[in-house]
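J.: The structure follows.
The values are calculated or read from the model by the stated rules, or taken from the named source; none is laboratory data. The model shown is predicted, which means the values in this text are computed figures rather than measured ones. All Cβ positions, glycine included, derive from the backbone under ideal geometry; neighbour counts span all protein chains shown.
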């Protein structure tokens, strides 16, 4: 693929080599999305210490999520107009190639990858291997906060990319494929460190997002991913698949994996498990009921 964003765009992954070639390219905008669910300030602190040169920092709670309500999950979708304003201040417009990264196998940065697609910006890619791969290769680092380079980001919101709890209830009746990206111990309800109720949605399937990766932390080859997901789909159209997790973040990792596998069009259950459990009438399977 041609690396020049004027003739081609990256919509899934970029390698450290590809990013290094464009590190000082004004048409490329890089975002550091490091974040830990149990230590919300750790990512920002790590960014202040060092980061990929020119990278802006996007905070999962403050920038990439909306306010929590009694009926929402832990990371509701942000207000699209507010996010668009932030993207403008960060220098993103329709002509920019965006690259996102974290230090958690892409599990946090995929949120911004998906949000940009939701707002109509397809030229966004995840750094394969993330910050650890960049460090391992001895790439350039910086501690400077980049100067603001305002642009005009005009969102083209596509709400067909996600579903709400009512749509998931309907999907259960239709026996559609629902894939949960949480760790198996959380899916089964054996351990639940983040949410008030443990377990999973009846009939949903478990594919922890880490299963998309090889031993180095890079995404598996497309043919390997395709085999993995086709074993769950059993012929179901990719466009009918729903992805979920704890709060609609790591589920985007599985959604990206399906895109890489040539199985595009699956949907995100944005509220995910933490929203599902806010209504006790919704069915669940827990450790005691499985």
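J.: Does residue 285 meet the test of being outside the structural domain of residue 67 (by TED's automatic domain parsing) and in contact with a strand residue (DSSP E or B) (Cβ under 8 Å, 6 or more places away or on another chain)?
T.: In short, yes.
J.: Of all residues in the range 1-24, how many are at pLDDT 95 or above, assigned to a loop (DSSP other than H, G, I, E, B) and either surrounded by fewer than 17 Cβ atoms within 10 Å (Cβ to Cβ) or under 19 Å from the mean Cα position of the chain (by Cα) (or both)?
T.: Total meeting the criteria: 4.
J.: Something else: Check the range 255-262 and report whether any residue there is surrounded by fewer than 15 Cβ atoms within 10 Å (Cβ to Cβ) and not assigned by TED's automatic domain parsing to the domain that holds residue 67.
T.: The initial filter retains those residues of the range 255-262 that are surrounded by fewer than 15 Cβ atoms within 10 Å (Cβ to Cβ), namely 262.
Okay, now just the ones that are also not assigned by TED's automatic domain parsing to the domain that holds residue 67, so 262.
Scanning the range 255-262, I find at least one residue that is surrounded by fewer than 15 Cβ atoms within 10 Å (Cβ to Cβ) and not assigned by TED's automatic domain parsing to the domain that holds residue 67, so the answer is yes.
J.: Answer yes or no as to whether residue 180 is buried (at least 20 other Cβ atoms within 10 Å of the Cβ), over 23 Å from residue 90 (Cα atoms), in contact (Cβ under 8 Å) with a residue 24 or more places away in the chain and in contact with a helix residue (DSSP H, G or I) (Cβ under 9 Å, 6 or more places away or on another chain).
T.: Numbers: buried (at least 20 other Cβ atoms within 10 Å of the Cβ): yes; over 23 Å from residue 90 (Cα atoms): yes; in contact (Cβ under 8 Å) with a residue 24 or more places away in the chain: yes; in contact with a helix residue (DSSP H, G or I) (Cβ under 9 Å, 6 or more places away or on another chain): yes.
Here the answer is yes, as residue 180 does meet what is asked.
J.: Any idea which of 116, 126 is under 30 Å from residue 178 (Cβ atoms), touching a strand residue (DSSP E or B) at 6+ places or on another chain (Cβ under 8 Å), in a helix (DSSP H, G or I) and in the same structural domain as residue 89 (by TED's automatic domain parsing)? Steps first, answer last, please.
T.: Numbers: 126 fails: in a helix (DSSP H, G or I).
Just a single option satisfies the conditions, and that option is 116.
J.: From the set of residues in the range 136-159 that are under 19 Å from the mean Cα position of the chain (by Cα) and in contact (Cβ under 8 Å) with a residue 60 or more places away in the chain, which is surrounded by the most Cβ atoms within 10 Å (Cβ to Cβ)?
T.: 155
J.: If you don't mind, there's one more thing I want to ask. What are the residues in the range 166-177 that are surrounded by 19 or more Cβ atoms within 10 Å (Cβ to Cβ) and outside any loop (DSSP other than H, G, I, E, B), if any?
T.: Of everything in the range 166-177, those that are surrounded by 19 or more Cβ atoms within 10 Å (Cβ to Cβ) and outside any loop (DSSP other than H, G, I, E, B) turn out to be 168, 171.
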